[in-house]
1. State which residue is nearest to LEU8 (Cα to Cα) when the search covers only region 48-95 and only residues that are polar (S, T, N, Q) and under 14 Å from the mean Cα position of the chain (by Cα).
2. I'm trying to understand the selection: among the residues of region 229-238, which are in a loop (DSSP other than H, G, I, E, B) and either within 17 Å of the chain's Cα centre (by Cα) or without any contact (Cβ under 8 Å) to a residue 24 or more places away in the chain (or both)?
3. With the condition kept exactly as written, say whether any residue in region 6-29 is under 15 Å from VAL115 (Cβ atoms) and charged (D, E, K, R).
4. Find the residue count for region 81-122, including only residues that are within 11 Å of VAL59 (Cα to Cα), of a type outside the set (Val, Ile, Thr) and in contact with a Cys (Cβ under 9 Å, 6 or more places away or on another chain).
5. Within region 143-187, which residues are assigned to a helix (DSSP H, G or I) and among the hydroxyl-bearing types (Ser, Thr, Tyr)?
6. Of the numbered conditions (1) under 30 Å from GLY114 (Cβ atoms); (2) surrounded by 15 or more Cβ atoms within 10 Å (Cβ to Cβ); (3) in contact (Cβ under 8 Å) with a residue 40 or more places away in the chain, GLU183 satisfies every one except a single condition; which is it?
7. I need every pair where a residue in region 52-81 that is under 22 Å from ALA139 (Cα atoms) and modelled with pLDDT of 95 or more has its Cβ under 8 Å from the Cβ of a residue that is among the basic types (Lys, Arg) and part of a helix (DSSP H, G or I), sequence separation at least 6 or different chains.
8. What number goes with the only condition from (1) at pLDDT 95 or above; (2) within 20 Å of the chain's Cα centre (by Cα); (3) among the aromatic types (Phe, Trp, Tyr) that PHE190 does not pass?
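The values are calculated or read from the model by the stated rules, or taken from the named source; none is laboratory data. Please read all numbers here as calculations on a predicted model, not as lab measurements. Because the Cβ atoms are built from the backbone with ideal geometry, glycine has one as well, and the counts that use them run over all protein chains shown.
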Amino acid sequence: MNPYLKNLRKAEYIITYACTGACRHCSQGNIVRDSACIDASRAASALDKIAASCSLQTVMCFGGEPLLYPDGVYTIIGRAKTLGIPHRQVITNGCFTRDKAEAVRVARRLFDCGVNDLRVSADAFHQRTIPVEYPLEFAIAAARAGIPVQVQPAWVQGRDADNQYDRETRRIMDIFAMSGIAENPGNIIFPEGSAREYLSEFFAQNAPQNPYEDDPYDVRCLSFEPSGKVLNGNFYNTDIMDILAQYRP
């Protein structure tokens, strides 16, 4: 194994950058949110090879809104289950259809394919454009299907902070709590993408760092993009094991 990847334990898949929200805290900013979707079949084949060479513990699907393309999620998470990868996570804003029956069907399929950690993003930012009923109803449907579910908020300064955004997020968390949906600690927003543009007044001092950045000399997570990009290569036209072997910071 490449020494820069000796601690590789996670593979995450950006299913699509297409999204049903338009959040002011989004770290992706003005990225082109087209309808491109990851090639899930090739992504699953790459996962086979990675899992055979290192001890992956987590596979995650997110976006954009990953459940705009649920078949891709089923394929990747299902392969992770087959491979015995223990932690199989999906992060969604819970608003990918306005058909309640379809949302219930998706929740059941997610359970069947092996999702064992569902995070539903909800906060003052998501709910500017997404009615809270959609993520709430989907979270309830997923919990009833047997999936461990948490609502995952984004905080500007923290759960106890007294600003308009965090106060509104606390109100939204109370709505989920009344329906029995547990609250994840979430994350503090960092100044990248749209957050830098719209929330700059909160970053004048002690701006938080991006908690998701990997040390390029000690890569612990592979991030696959819809275009096929991963590390310094593209797994659509180069074997994933060659990309891993040739990687240099």
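1. Top of the filtered list is THR58.
2. Initially, region 229-238 is screened for residues in a loop (DSSP other than H, G, I, E, B), giving 231-232, 235-238.
Answer for region 229-238, where residues must be in a loop (DSSP other than H, G, I, E, B) and either within 17 Å of the chain's Cα centre (by Cα) or without any contact (Cβ under 8 Å) to a residue 24 or more places away in the chain (or both): LEU231, ASN232, ASN237, THR238.
3. yes
4. Qualifying residue count, region 81-122: 3.
5. TYR165, THR169
6. (3)
7. That search, which allows pairs on different chains as well, returns PRO70/ARG109; TYR74/ARG109.
8. The failed condition is (1).
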